[in-house]
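Following: one structure in structure tokens, then a few remarks.
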Amino acid sequence: MRAAEKLSESLRIARMVIKTEAEAILALMDRLGDEFERAVDLLYHCEGKVIVTGMGKPGIIARKISATFNSTGTPSQFIHPAEASHGDLGTVLEKDVILIISNSGETEEIKNLLPFLKHMEAKVIGMTGNLQSTLAKNADIVLDITIQKEACPLGLAPTASTTVSLVVGDALAMALLDRKGIKPEDYALYHPGGSLGKKLTLRVEDIMRTGEMNPIVHMKTCVRDVLIRITTAHGGAANVVDDSGRLVGIFTDGDLRRHLEEDPQVLQKLISELMTRHPKTIEVGKMAIEALRVMKDLRVDELPVVDGRDHPVGMLDVQDLIRNGIF
């Protein structure tokens, strides 16, 4: 019974935390206005980099916001406010914009930075929940991240305040991404590694099977010979062409199994009698992720790749997509 009661209390706390933080986020919407627009404009016209800083938990949020700026086309760097006073301020240039996160706006390490930033004539965006704070009074632009209460049952641990800071940072980064006209291919340049980069950069010709791995047979070839070609290619299908080399059909090992049940003599027939006519194709130059969508929609494992004249130049197998991290 005690375990059940403890679990029930844990769930109550969890739901309270989620509710409190969700309400804090929603309350932000009514406070976004001219100051946010000014902040986006300042960041957009920044000729240097965006320096993001914060102490303690806000510092962790600052690191994430800086990383998001970098990944969406806005050069950024995190500096630790304590280390900044011991040499790291050397990385700050007059052309930089400084984004400072402090819920109280009175964090000692932050207050110590402000006179030096003023002296350097660097523009400062303050993100604070205290509009009468030292940070608010010394910032060029102030973003209000006021919360009614923290989600901590003790009212002490930074919870709702750090969540709100993160959301405003994301909002700034996404508004900048939109204003700069960042496209998926641009975004891919900042994420060349891993599955994300592959999904955004790989084209069908980068992974399709060609040469001997792409069986191409004439429509008058017998099924037996086609199967030999497919087996030699270690594939699951063959492209079927007419006299002009245009794709007219596809034949898969699944087709063979279905026809064998109906006619044991199927191996002697011409492939034109059994092939799937007018198969769905994808053109050279298309993104591999698009090929995946086509294959999922059609529920097929093989997809012919054609050029502008409908000549088959390759074959995509679902295993190729899996192997290259697209699936």
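What follows is calculated from the coordinates using simple rules that are stated; it is not laboratory data. Quick caveat, the model's predicted, so the values are computed rather than measured. Cβ: placed from backbone, ideal geometry, glycine included. Neighbour counts: every protein chain shown.
Observations on the model:
- Residue 85 versus residue 307: modelled label distance in nm, points set 7 Å from Cα along the beta carbon direction: 6.9 nm
- Region 270-284 - phi-based ³J(HN,Hα) in whole Hz, Karplus 6.51/-1.76/1.60, Gly and Pro as x: 7, 5, 5, 7, 10, 5, 8, 7, 6, x, 5, 10, 9, 7, 4
- Amide H contacts for residue 209 (H built 1.01 Å from N in the peptide plane; partners 5 or more residues away or on another chain; cut-off under 5 Å): 315, 316, 317.
- Nearest-0.05 FRET efficiency for residue 290 and residue 119, computed from C-beta distance (R0 56 Å): 0.55
- If the segment from residue 228 to residue 47 were pulled out straight at 0.36 nm per residue, it would be longer than the present Cα-Cα gap by 58.9 nm.
- Lysine pair count for region 204-323 (Cα-Cα distance under 26 Å; residues 8 or more apart in sequence or on different chains): 5.
- Residues whose placed amide H lies under 5 Å from that of residue 78, excluding near-sequence neighbours: 52
- Difference of contour (0.36 nm per residue) and Cα-Cα distance, residue 299 to residue 32: 91.5 nm
- For the chain, share of DSSP beta bridges that run antiparallel, in % to the nearest 5: 40 percent
- Basic side chains Lys and Arg get +1 at the Cβ, acidic Asp and Glu get -1 at the Cβ, and with that the dipole of region 226-279 about its Cα centre reaches some 160 debye.
- For residue 306, nonlocal amide neighbours, meaning residues 5 or more places apart or on other chains whose placed amide H falls under 5 Å from its own, are 282, 283, 284, 313.
- Summed side-chain charge close to residue 265 - residues other than residue 265 whose Cβ falls under 14 Å, Lys, Arg +1, Asp, Glu -1: -2
- The calculated FRET efficiency for the pair residue 8 and residue 156, based on their C-beta separation and a Förster distance of 25 Å, comes to about 0.60.
- Remark: region 1-105 carries a charge dipole of roughly 660 debye about the Cα centre, counting +1 on each Lys and Arg Cβ and -1 on each Asp and Glu Cβ.
- Each of residue 19 and residue 94 was given a label point 7 Å from its Cα along the Cα-to-Cβ line. The distance between the two points is 5.4 nm.
- Radius 12 Å from Cβ of residue 153, net charge of other residues (Lys, Arg +1; Asp, Glu -1): 0
- Counting Lys and Arg as +1 and Asp and Glu as -1 over every other residue whose Cβ lies under 10 Å from the Cβ of residue 131, the net charge comes to 0.
- Taking packing as the residue-averaged number of other Cβ atoms within 10 angstrom, the listed peptides 15-27, 58-70, 88-100 run from highest to lowest as 58-70, 88-100, 15-27.
- Backbone geometry of region 210-217 corresponds, through the Karplus equation with coefficients 6.51, -1.76 and 1.60 at θ = phi - 60°, to 3J(HN,Hα) couplings of 10, x, 5, 7, 10, x, 10, 10 Hz, x marking Gly and Pro.
- Of the options (i) 1.12; (ii) 1.51; (iii) 1.46, only one is Cα Rg over 2.2 N^0.38 Å as computed from these coordinates, and that is (ii).
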